[in-house]
Every structure is written in structure tokens, then in C-alpha cells.
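Here is the structure we will look at, set down as C-alpha cells.
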Amino acid sequence: MLNKIQAFIDAHEQEMLEDAMELIRINSERMPAQPGMPFGEGNAKVLAKGMEILEKRGFAAKNYDNYVVTADLNDKPSRLDVLAHLDVVPAGEGFTVCEPFAPVVKDGKLYGRGSADDKGPAVAALYAMMAVRELGAELSGNCRLIWGSDEECGSSDIRYYYGIEKHAPMTVSPDADFPLIHIEKGSLGMRFAAKTNATEGVRLVYSQVGTKRNVVPGKAAVVIAGMEFAQLNAVAQTAAERTGTQAVLTEQENGIQVLFVGESCHAASPEKGNNALTAMLSFLGDVPFADAKQKKLFENLTKLYPHGDYYGKALNVAHEDESGRLTLCLTIFAYDGETVCAEFDSRVPVCGTKENTLDVIWAQMVEAGFTPEPCGMNPAHYVPKDSEFVKTLLSCYKDVTGIDGEPIAIGGGTYVHHIENGVAFGCADPAVDNRMHGADEFMSVEQMKKSAAIYAMAILKLCK
Ligand SMILES: [Zn+2]
């Protein structure tokens, strides 16, 4: 069976690459909505091209109001959805092998924006369906290929689609890494604030740290008034030494700015960076603020978010299970002269609940003098690793690669985060940096062919 599939894919390699290149030639980053084009002109165009390709390859295709296009393998009951996307992140700068939307195949790699994320994988899945059809095997269930167009900006495309159609009993998304992701942690973000203003003595004047909740800040600055430069410098340098950051002081009209420089990283893996904001807090905890309430606020905050605590230990929420450890990092902080407010990002393992996580943090923030804004928890996504579904997919991966793959847990969310019994399955080789979202993004042609064969085996086994 596998031999026949691989022979089919070998024989159709050129068409497969052509189809992927046709899609890559269209800039499908999100653009302003227009009537009948919810994600703008580029995405409407790429979906139209997608329809054209699906029909050219002989499938019954359907366009759902320019949100997604679909193709069915047969008219049997729904069994497996394969969910990929045709939208891309903006081209950015620095492409050297080709222009971002003028794809080329060079040294066995298909280059261009979207080649790996996710147009190449989308087309690999199409050729898997073609290979299965060619085999003429009798199947009892349908495989539906779904090409969405809003994965990069919030996945409202599939929310729309699943408002019309039911989920299949099983869903696979070729929009991540092999072997397979069966756990995606949940997430919790909280914003909290407190009033504090002092006009005399040592006092906080201004601060604005962080841009996005899911990014650990690499720089954090605060303006303090009422203190001698040398004295403030001594406090800052002590904090910098303690936290492995650098502190740079600058005289300003309204006081002295103290800038901490650490290292930025993604909030889902905070141990990869060095949070400049918690270093700054550690410093603020040592500043002899004149106002007793202000002093207490920062002492409290420093205790709850100590520098280097990536796992919510100080907040008593350091949960851990097979999905990994809870991570928590303070990423945003601001003071405008009246109100101090801050936000954290937390990735929560399967065992984390509202009761043992959100409520626990909430109570401590209130006790520390802050008012949290109402927020909810986005639950974790989990498909048991000993389910037939996961075992079957891993067996297909092994059929083609010879590798015994272990399912993995991640802190981020994929296209299937809200889809019951959905897993991300390929098609990147985790050992290869395909520069997804960066310049010179590429998809290895070998990997694309292997992936198509793996998906074909999966369709055969799951829809039989
Ligand atoms: Zn993607």
C-alpha cells in the first residue's frame, strides 16, 4: 500500500509543487475586510485559487463565504477533517533566495512566504487525498480537507465554518511539527490595577513596560523622583546584579529614569529569556518610597512576582502534570501618575482549574492591594496519548519515517485548540528550522512528499 502511495506522489511531485507555488504567489496576509471578503482581498483571492486547484484535481469543492474552502474525498459519513490554512503572516524583510511571493524550488527546498506555514502542508494533504483516491480502496468514512484563511489572526474562519458544519469525529491539522501534539496548555491572562500617587519625597513618576501580553519584555524603564543619583544608582546596580540584568540611569526633567535590560522571549517559554520587568520590580521593592502605601504596594508585588520565578511558585499555583509545568510571567506594567496597572501571561497544564489557579491568584492580588479585572481561563486542549486515534497517527508516521514518535505537549495553541479530538500532526520536521514566519521560509520537497505519504496512510487507516 505504502509503495503505491509513494509511487503516486513521486509521479506527481511536479504538479504538487506547482499547486503550492500557485498559492504562494498570492499575498494572503490579512487585509481590511470588504463586502463578501471577511479577511480582505488577498485571502479572497487565495481561496478562489484554492477552489480552482481542488476542482482541477477532481474534488467536489465548496467555498464557505470566503472563510474556508473544502474538498470531500467521498460522500460517506464524516470521519476525518484535515485542517490547514492559506493565510500567511506579512512578508517582512530579508528574503534573499527569492521574493516572498515569487516562489522557487532550489536545492530541494520550496522557498516563499507560506511555503511551510501553511500552503505547502495544505497541498501535501491534498495530494494525500489524491493518492488514496488513486488506490481505489473501499472506505466507510469521508475525509474532508478544509483550507481556512484566518489562522494567523485568531481563527475566526473556522469558528464561522463550525457554526455551519459539525466537527468530524477526528481532526488532524498539518500546521505544526511531527510527530504529533496531543496537549496544548490552557492560558490565563490577568490585568490588575491600584491607585497610588505621591507628590513629595521619593516617589514613582512614570513607567510603561511591555507591548504584548505574550512577550516577556527585554527592556523595562521607570522614572523615580526625590532621590539622589548616586544613591538610586546603588540600589539599581544591586538589583541588576541580583537579577543578571543591566541597569542604566539617565537624568530627566521629571526625575531619574532607570532602565533595566534583560532578554525578551515568548511568554510560553519564559525560561528562555530574562524578564527585565521582574528585575525592575525587584528594584522597586528596594526603593525607599516616601508614601507608605506606595512602598507596601511594590513590596507586595515583588513578593508575588519574584524575578526568576517562571512557574507561579510565589503565587502558590505551580501545578505540573504530564502536560508540563504551569508557566507564569509578568509582561506588562504601567504607571501614569495615578494608577499602577500590570498584566501577566500564564500557560496552564491540564490539571489547572479556575478554582486552583485563577481564584487563588485573584485572592492574593486583592490582599496585596490590587483590583483585578474580570477574566476567564482558556482551558487546556487534550487528546489521550493512548487513544486509538493518536496511536494510529503515530503508526502512520512510523510507516513512512521508521521513527517511533512520542506525542508532545506545548504551551502555545494550534488551529485545533478548540476542536474536540483534534491534534496537530506535522508537517515540519522538528529538527529542521524552516524559518516559519521569518525571511527565507522554506519547505523541504522531501519532507512535503513524506508528509503527503503519512497523511495518505492516515486517511486510509482512519476512514477504512
Ligand atoms: Zn500556521
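The values are calculated or read from the model by the stated rules, or taken from the named source; none is laboratory data. It should be emphasised that the depicted structure is a prediction, and the values quoted were computed from it without experimental measurement. In this analysis, Cβ positions are derived from the backbone assuming ideal geometry, glycine residues included, and neighbour counts consider all displayed protein chains.
What's the number of the only condition in (1) touching a residue at least 12 places away in the same chain (Cβ under 8 Å); (2) over 17 Å from the mean Cα position of the chain (by Cα) that residue 178 fails to meet?
(2)
Please find, among 352, 438, 411, 405, the residue that is within 18 Å of the chain's Cα centre (by Cα), over 30 Å from residue 99 (Cα atoms) and either modelled with pLDDT under 95 or away from the ligand (no atom under 16 Å from the Cβ) (or both).
The unique qualifying residue is 411.
Could you list, in sequence order, all residues of the range 43-92 that are within 16 Å of the ligand (Cβ to nearest atom) and of a type in the set (Gly, Ala, Ser)?
Hits for the range 43-92 are 50, 84, 91, 92.
Could you grab me the full set of residues in the range 137-155 that are away from the ligand (no atom under 14 Å from the Cβ) and modelled with pLDDT of 95 or more?
The answer is 139, 140, 141, 142, 143, 144, 145.
For the range 211-221: of the residues being outside any strand (DSSP E or B) and modelled with pLDDT of 95 or more, which is surrounded by the most Cβ atoms within 10 Å (Cβ to Cβ)?
The qualifying residue surrounded by the most Cβ atoms within 10 Å (Cβ to Cβ) is 217.
What single numbered condition from (1) surrounded by fewer than 20 Cβ atoms within 10 Å (Cβ to Cβ); (2) touching a helix residue (DSSP H, G or I) at 6+ places or on another chain (Cβ under 7 Å) fails to hold for residue 338?
Unmet for residue 338, out of (1) surrounded by fewer than 20 Cβ atoms within 10 Å (Cβ to Cβ); (2) touching a helix residue (DSSP H, G or I) at 6+ places or on another chain (Cβ under 7 Å): (2).
Residue by residue, here is whether (1) surrounded by fewer than 21 Cβ atoms within 10 Å (Cβ to Cβ); (2) assigned by TED's automatic domain parsing to the domain that holds residue 71; (3) more than 30 Å from residue 72 (Cα to Cα) holds:
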{"position": "373", "(1), (2), (3)": "yes, no, yes"}
{"position": "402", "(1), (2), (3)": "yes, yes, no"}
{"position": "435", "(1), (2), (3)": "yes, yes, yes"}
{"position": "443", "(1), (2), (3)": "no, yes, no"}
{"position": "447", "(1), (2), (3)": "no, yes, no"}
{"position": "450", "(1), (2), (3)": "no, yes, no"}
{"position": "454", "(1), (2), (3)": "no, yes, no"}
{"position": "459", "(1), (2), (3)": "no, yes, no"}
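May I ask you to verify whether residue 174 is surrounded by 23 or more Cβ atoms within 10 Å (Cβ to Cβ) and under 30 Å from residue 259 (Cβ atoms)?
Here the answer is no, as residue 174 does not meet what is asked.
With the requirement that a residue be buried (at least 24 other Cβ atoms within 10 Å of the Cβ), away from the ligand (no atom under 13 Å from the Cβ) and at positive phi, what does the range 108-136 give you?
Result: 112, single match.
Can you confirm whether residue 198 is outside any loop (DSSP other than H, G, I, E, B), small (Gly, Ala, Ser) and in the same structural domain as residue 295 (by TED's automatic domain parsing)? It would help to see each step written out before you state the result.
Details: outside any loop (DSSP other than H, G, I, E, B): no; small (Gly, Ala, Ser): yes; in the same structural domain as residue 295 (by TED's automatic domain parsing): yes.
In short, no.
How about the range 1-118: which helices (runs of 4 or more DSSP H) wholly inside it have at least 3 residues that are within 26 Å of the chain's Cα centre (by Cα) and among the small types (Gly, Ala, Ser)? Walk me through it before giving the result.
Values: elements: 2-11, 13-24, 41-56.
Because the criterion is at least 3 residues that are within 26 Å of the chain's Cα centre (by Cα) and among the small types (Gly, Ala, Ser), the helices (runs of 4 or more DSSP H) in the range 1-118 that meet it are 41-56.
Taking the stated definitions as given, is residue 399 more than 16 Å from the ligand (Cβ to nearest atom), modelled with pLDDT of 95 or more and in contact with a helix residue (DSSP H, G or I) (Cβ under 9 Å, 6 or more places away or on another chain)?
It is true that residue 399 is more than 16 Å from the ligand (Cβ to nearest atom), modelled with pLDDT of 95 or more and in contact with a helix residue (DSSP H, G or I) (Cβ under 9 Å, 6 or more places away or on another chain).
Residues of the range 186-208 being farther than 30 Å from residue 321 by Cβ and either in contact with a Lys or Arg (Cβ under 7 Å, 6 or more places away or on another chain) or modelled with pLDDT of 95 or more (or both), which ones?
Selection gives 193, 194, 195, 196, 201, 202, 203, 204, 205, 206, 207, 208.
Are there any pairs, at least 6 apart or on different chains, whose C-beta atoms fall under 9 Å, with the first in the range 397-424 and free of Cβ contacts under 8 Å to residues at least 24 places away in the same chain and under 19 Å from residue 447 (Cα atoms) and the second of a type in the set (Asp, Glu) and away from the ligand (no atom under 16 Å from the Cβ), and if so, which?
398/404
Could you check the range 371-396 and list, in sequence order, the residues that are among the charged types (D, E, K, R) and in a helix (DSSP H, G or I)?
Passing the criteria: 388, 391.
Going by the structure shown, is residue 111 under 30 Å from residue 391 (Cβ atoms), assigned by TED's automatic domain parsing to the domain that holds residue 25 and touching a Phe, Trp or Tyr at 6+ places or on another chain (Cβ under 8 Å)?
no
Among the residues of the range 244-251, is any in a strand (DSSP E or B) and buried (at least 19 other Cβ atoms within 10 Å of the Cβ)?
Yes - at least one qualifying residue is present in the range 244-251.
What is the residue count in the range 156-179 for residues that are within 16 Å of the ligand (Cβ to nearest atom) and part of a loop (DSSP other than H, G, I, E, B)?
Residues in the range 156-179 being within 16 Å of the ligand (Cβ to nearest atom) and part of a loop (DSSP other than H, G, I, E, B): 3 in total.
Give the range 274-294 a look and list any residue that's among the hydrophobic types (A, V, I, L, M, F, W, C) and without any contact (Cβ under 8 Å) to a residue 40 or more places away in the chain, or say none.
Listed by number, the list holds a single entry, 292.
Listed here are the residues, each with its yes/no results for (1) touching a strand residue (DSSP E or B) at 6+ places or on another chain (Cβ under 7 Å); (2) of a type in the set (Phe, Trp, Tyr); (3) outside any loop (DSSP other than H, G, I, E, B).
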| site | (1), (2), (3) |
| --- | --- |
| 260 | yes, yes, yes |
| 300 | no, no, yes |
| 312 | yes, no, no |
| 328 | yes, no, yes |
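Suppose we filter 241, 263 for residues that are within 23 Å of the chain's Cα centre (by Cα), acidic (Asp, Glu), closer than 30 Å to residue 326 by Cβ and assigned by TED's automatic domain parsing to the domain that holds residue 329; which single one remains?
Being within 23 Å of the chain's Cα centre (by Cα), acidic (Asp, Glu), closer than 30 Å to residue 326 by Cβ and assigned by TED's automatic domain parsing to the domain that holds residue 329 holds for just one of 241, 263, which is 263.
What number goes with the only condition from (1) within 16 Å of the ligand (Cβ to nearest atom); (2) in contact with a strand residue (DSSP E or B) (Cβ under 7 Å, 6 or more places away or on another chain); (3) within 22 Å of residue 436 (Cα to Cα) that residue 183 does not pass?
(1)
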